Amino acid sequence: MSKTNYDAEQIKVLEGLEAVRKRPAMYIGNTAEEGLHHLIYEVVDNSIDEALAGYCTEISITIHEDNSITVEDNGRGIPVDKHPTEKISALELVMTTLHAGGKFDNSTYKVSGGLHGVGVSVVNALSTQTVATVKRNGHIYRQSYEYGKRTSELEDLGSCDGRGTIIFFAPDPSIFTETTIFRYDIVKTRLRELAFLNKDIRINLKDERDGAEDTFYYDGGIISYVEFLNRNRTAVHAQPIFLSGEKDNVQVEVCLQYIDGYTERLFSFVNNINTREGGTHIAGFRAALTKCINRYANDENAPKNLKEKMEGDDVREGLTCIVSVRVPNPQFEGQTKTKLGNSEVKSIVENICTDKLSIYFEQNPAVARAILGKAVEAARAREAARRARDLSRKKGTLSVMMAGKLAECQSKKPEERELFIVEGDSAGGSAKQGRDRSIQAILPLRGKIMNVEKARFDKMLGSEEIKQLVASLGTGIGEGEFDLEKLRYHKVIIMTDADVDGAHIRTLLLTFFYRQMLPLIEKGHIYIGQPPLYRLGKGKKEQYFLNDEELDRFLYTQASTTLQINKKNEEKLESESMIRLLHDLSRFAQLLDYLQRLNVPEALVLFLLAQDIRSARQFEDSAVVENLVAKLKEQQVQCSELRSCSWRHSCFECDVIFSGQARQAAVMGPGVPLLPEYRQAAVLYKNIRPYLEGSFEIAKRDDANSLLQADNWRMLLTMVRDETFKGSHLQRYKGLGEMNPEQLWETTMNPANRTLIQVHVDDMAVSDDMFTTLMGDKVDARREFIQSNALSAVDLDI
C-alpha cells in the first residue's frame with residue numbers, strides 16, 4: 001500500500017457551515033431519534049475511513065452520563081498545520097466548514113463512507129459543545145467549539161505517545177427537541193455491523209450511564225456476519241460461499257448461504273453505509289445469481305429432475321446474503337445514502353460474481369445441486385401458487401364479498417377507514433356493537449392464523465383465515481399481485497387479549513404482515529391496540545390503566561394528596577418528591593426481585609452498589625476484589641477463595657453465601673454488573689440510597705394524630721398501596737370479552753381516548769432475526785430465547 005502525505009494541503013474547501021443549524025434534516029435525515037444517532041455514525045465513519053486507508057485498528061465509543069459522546073480512534077489524527085489558502089489550522093477547517101475534508105482528494109482516502117465531507121462539521125454545528133483532541137507527530141492538540149463555532153485557539157498540550165483523534169460532543173436539545181437520549185441497543189447494532197464489514201478492526205462501546213459495555217471484533221468479516229445471521233436457522237449447505245474481486249478500483253465482497261426457509265434476506269453496503277433501498281450493486285448481484293443457477297440447471301451434468309427454468313425470486317428463496325462494495329466515487333440518493341446510483345457498478349458486480357460463482361459451482365457440485373434443488377422446488381411452488389390464485393379469482397374467494405365475517409364500515413375513503421382485527425367471536429361481538437360504524441370495520445378471527453414463517457406460499461393461500469384477511473384488506477398478495485394503492489383501510493389495528501394466547505395471535509399476525517405485506521408496515525398502516533390491563537372502581541367512578549406502571553403512577557399521585565411520609569429524624573416528603581421516591585423505590589424493588597430469581601441475592605446487590613461497583617472491568621483488579629471479600633467477611637458472609645473467572649479470563653470472582661440464603665452460593669464477579677437489571681438498579685441507587693435504611697412514619701393529611709409505622713422501605717411501599725386502595729375495587733382484565741361494548745369503545749376504540757402503538761421496523765436484520773427465532777422451526781434457538789427471557793415475564797396465565 002502506497003502511503004501518501006496527509007497534511008493541510010489535502011483538505012479541500014467547498015462551502016461554509018451556516019445552513020446546517022437552519023435545516024439539519026438535510027444533513028442527518030431528521031431531528032428525531034434516528035437523526036440523533038446519526039451524529040455518532042458520522043464521527044465513527046471518519047474513524048472507519050482511517051481504518052479502510054490502513055491506519056486505524058481500534059475505535060472506542062463512550063456514552064457519558066449526561067448523554068454526551070466521545071469517539072476515539074488510533075488513526076493518523078486530523079492534521080493541525082495551517083491550511084495554505086484558508087490560513088487557519090486544518091483541524092479548525094474540518095470542524096467548522098461544510099464540505100471540508102480529506103475525502104475529496106483520492107490520494108488521501110481511496111474509498112470513504114463519509115464522501116459528502118459534511119460529517120464532523122455537521123456534528124459540531126448541531127452540538128452545544130464539541131472538543132477535538134488530536135494526537136499527532138508526538139504532540140497532543142486540543143480545540144473546543146460551541147454550536148459549530150470556535151471557542152478556543154488550537155492548543156499544544158505537550159508531548160504524548162501514540163496517535164489518533166478524539167471527538168467529544170453534546171447534542172443540542174434545541175435541535176433534537178424530541179430526545180437527546182442515546183439508545184445503547186441502537187448504537188450497539190450499528191457498531192457490530194461495522195465490525196463485521198471491516199474485519200480485524202476492534203470496536204469498543206461503553207455506556208457510563210449504567211455500565212454496559214461490548215467489544216466487537218470479527219476476523220472472518222462478512223463470512224462471520226452471514227454465520228451470525230443464520231445462527232438460529234438450518235442451512236442447506238454448511239459453509240457460506242464467499243466471493244470477492246476488484247475492478248476499476250471497485251472492491252466487491254459477497255457472502256451467501258441458503259437456509260431451508262422461504263424468505264430472502266439480503267443486506268447491502270457501500271463503503272460501510274447500509275444501502276437499505278439497494279441500488280446498482282444489488283441489481284448486478286441478482287442478475288449474476290439468476291444467470292449462474294440457470295446455467296448450471298441447463299448443464300448436462302445436472303440431474304434431469306432439476307432441469308427447470310427459474311426466475312429471480314425462485315433462486316433467492318431462502319437466501320441469506322451480504323453484498324459489500326467499496327466505490328471510490330459513489331453516487332448516493334441524499335446524505336442518508338440509502339441507494340447506490342453508479343451505473344458502472346452493476347456490470348462490475350455482475351461480472352465478478354458470475355465468474356467466481358461459476359467456478360465455485362464447478363468445484364463444489366454437491367453444494368451446487370443442493371442450491372439448485374432449493375430453487376427448483378421454489379419454482380414449482382410458485383407455479384402451484386399461481387394456479388391457486390387463478391382458481392381463487394374464478395371462485396371469487398379473494399373478493400370483499402367473500403370476507404364473510406367482516407363487519408364493514410360506511411365511509412368509502414381509505415384514509416378515514418379503520419380495520420380492527422379482533423381475537424375471537426366474543427370480543428368481535430363486543431367490538432361490532434361498540435364501534436363507530438361510519439369509519440370502523442371489524443374482522444373477528446377464529447383461533448390462530450397459520451404460522452407463515454414455516455409455510456410455503458401455496459400452502460398459505462389455502463388458509464381460510466388468511467384468505468379472509470387478504471380479502472378484507474383488498475391489496476392482493478404475492479409478487480406481481482400485491483398493490484398498496486388498493487389498501488382499503490389506512491389503519492389496520494390488531495386488537496387481542498392481554499394474555500399468552502393474545503400475544504401469540506398478535507405475533508402470528510405481525511409475522512404475516514412482515515413476511516407477506518411488508519409495505520403495510522413500512523408505510524405505517526399497522527397498529528396494535530392497547531386494551532387496559534386494570535379497571536379501578538371507587539364508588540361510581542372508574543378508571544382504566546394500560547399497565548402496572550400507569551397504575552402505580554396513579555396510586556402514588558393519589559397518595560401524595562392524602563398522605564405525608566416522614567423519614568425518622570429527617571425531612572418530610574410530600575407532593576412531587578414523594579411521588580418520585582415511591583416510584584423509584586417500587587422500580588428498585590422489581591429489579592431486586594428479578595435479580596433474586598437469577599440467584600443474585602438482594603444483600604449482594606446492595607453491598608456491591610454501596611461499594612460503587614458499576615462495571616465488570618472493576619473485577620479485573622485483584623486488589624479491588626480482595627477488598628470486597630475482606631469487607632464481606634467482616635459482615636460474617638462466607639466467601640470462597642478468589643479465582644480467575646472461567647468465561648472472562650482477565651477478571652476474578654468468588655462464591656458467597658449470605659445468612660438466611662439456605663446455603664446456596666452466589667457468584668460475586670463480573671457477571672453481576674453486566675446484568676442490565678443491575679445497571680438499572682445502580683442508576684436508581686444514587687437517589688434512593690438514603691431511604692434504603694431506617695424506618696418511616698406515614699401520616700394522613702386530614703388526621704395528624706393518625707400515624708402508621710413502616711419499619712423499612714419495602715413495608716413503606718406496601719402500606720402506601722394499602723391505604724390508597726381503601727374503598728376501591730381493582731379488576732385485572734384477561735380478555736377483551738370481559739368488557740361490555742361501551743367499555744371496549746371507551747378504552748380501546750374511541751380515537752379520543754385510545755392508545756395505539758404504530759408498528760415500524762428500526763433494523764431489518766434485528767427484526768428478521770427475532771421473527772425467525774420466535775416463529776421458525778429451530779427449537780433450540782427458541783428454547784434458548786425463552787430460557788434467557790423467561791424471568792422477565794410476569795402475570796402469565798398458566
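Applying the set (1) among the charged types (D, E, K, R); (2) more than 37 Å from the chain's Cα centre (by Cα); (3) assigned by TED's automatic domain parsing to the domain that holds GLN743; (4) at pLDDT below 90 to ARG393 leaves exactly one unmet item: (3). Applying the criterion of at least 2 residues that are over 21 Å from ARG689 (Cβ atoms) and in contact (Cβ under 8 Å) with a residue 24 or more places away in the chain to the strands (runs of 3 or more DSSP E) found wholly in region 534-598 leaves 534-538, 563-567. Within region 421-455, the residues that satisfy the criterion of being crowded, with 20+ Cβ neighbours inside 10 Å and among the β-branched types (Val, Ile, Thr) are ILE421, VAL422, ILE442, ILE449, VAL452.
Within region 149-201, being buried (at least 16 other Cβ atoms within 10 Å of the Cβ), farther than 19 Å from ILE322 by Cβ and of a type in the set (D, E, K, R) holds for ARG150, ARG163, ASP172. Among the residues of region 533-569, the one identified as buried (at least 18 other Cβ atoms within 10 Å of the Cβ) and among the β-branched types (Val, Ile, Thr) is ILE565.
Among what's in region 305-339 and is modelled with pLDDT of 90 or more and either part of a helix (DSSP H, G or I) or among the hydrophobic types (A, V, I, L, M, F, W, C) (or both), pick the residue that is surrounded by the fewest Cβ atoms within 10 Å (Cβ to Cβ). Here the answer is LEU319. Counting only residues that are of a type outside the set (Ser, Thr, Tyr) and not in a helix (DSSP H, G or I), region 23-42 holds 5 of them.
One line per residue, one yes/no per condition, for (1) at pLDDT below 85; (2) in the same structural domain as ALA379 (by TED's automatic domain parsing); (3) surrounded by 18 or more Cβ atoms within 10 Å (Cβ to Cβ):
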{"residue": "LEU419", "(1), (2), (3)": "no, no, yes"}
{"residue": "PHE457", "(1), (2), (3)": "yes, no, yes"}
{"residue": "GLU479", "(1), (2), (3)": "yes, no, no"}
{"residue": "GLU485", "(1), (2), (3)": "no, no, no"}
{"residue": "THR507", "(1), (2), (3)": "no, no, yes"}
{"residue": "PHE512", "(1), (2), (3)": "no, no, yes"}
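Per the listing ASP593, ASP612, ASP584, the residue uniquely in the same structural domain as LEU674 (by TED's automatic domain parsing), over 25 Å from LEU551 (Cβ atoms), surrounded by fewer than 19 Cβ atoms within 10 Å (Cβ to Cβ) and acidic (Asp, Glu) is ASP612.
Okay, residues lined up against (1) in the same structural domain as ILE28 (by TED's automatic domain parsing); (2) touching a Leu at 6+ places or on another chain (Cβ under 8 Å); (3) under 23 Å from VAL80 (Cα atoms); (4) part of a loop (DSSP other than H, G, I, E, B):
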residue	(1), (2), (3), (4)
SER121	yes, yes, yes, no
GLN129	yes, no, yes, no
VAL134	yes, yes, yes, no
TYR145	yes, no, yes, no
GLU153	yes, no, yes, yes
GLY162	yes, no, yes, yes
ILE167	yes, no, yes, no
PRO173	yes, no, no, yes
LEU191	yes, yes, no, no
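In the set ALA704, ALA765, only one residue is under 30 Å from the mean Cα position of the chain (by Cα) and at pLDDT below 85; that residue is ALA765. Annotation note: Cβ proximity below 6 Å between a residue of region 447-463 that is closer than 27 Å to ALA427 by Cβ and a residue that is of a type in the set (Gly, Ala, Ser) (sequence gap 6+ or interchain) occurs for MET450/SER463; GLU453/GLY776; LEU461/ALA388.
Test VAL492 against the stated conditions and say whether it is within 22 Å of LYS412 (Cα to Cα) and either surrounded by 20 or more Cβ atoms within 10 Å (Cβ to Cβ) or assigned by TED's automatic domain parsing to the domain that holds LEU419 (or both). Considered against the rule, which asks whether it is within 22 Å of LYS412 (Cα to Cα) and either surrounded by 20 or more Cβ atoms within 10 Å (Cβ to Cβ) or assigned by TED's automatic domain parsing to the domain that holds LEU419 (or both), VAL492 comes out as yes. Taken together, the residues in region 536-583 that are of a type in the set (D, E, K, R) and touching a Ser or Thr at 6+ places or on another chain (Cβ under 7 Å) amount to 4.
Scanning region 537-579 for residues that are in contact with a helix residue (DSSP H, G or I) (Cβ under 7 Å, 6 or more places away or on another chain) and of a type in the set (A, V, I, L, M) yields LEU555, ALA559, LEU563, ILE565, LEU573, MET578, ILE579.
Taken over region 202-215, the residue count meeting the criterion of being surrounded by fewer than 18 Cβ atoms within 10 Å (Cβ to Cβ) and not acidic (Asp, Glu) is 3.
In region 615-652, the qualifying residues are those that are among the β-branched types (Val, Ile, Thr) and outside any loop (DSSP other than H, G, I, E, B), and the one that is surrounded by the fewest Cβ atoms within 10 Å (Cβ to Cβ) is VAL624.
Screening the candidates THR62, THR70 for the property of being in a strand (DSSP E or B), surrounded by fewer than 18 Cβ atoms within 10 Å (Cβ to Cβ) and at pLDDT 90 or above yields one hit, THR62.
The values are calculated or read from the model by the stated rules, or taken from the named source; none is laboratory data. Please read these numbers as outputs of a predicted model, since none were measured by experiment. Note that we place each Cβ from the backbone using ideal geometry, even for glycine, and neighbour counts take in every protein chain shown.
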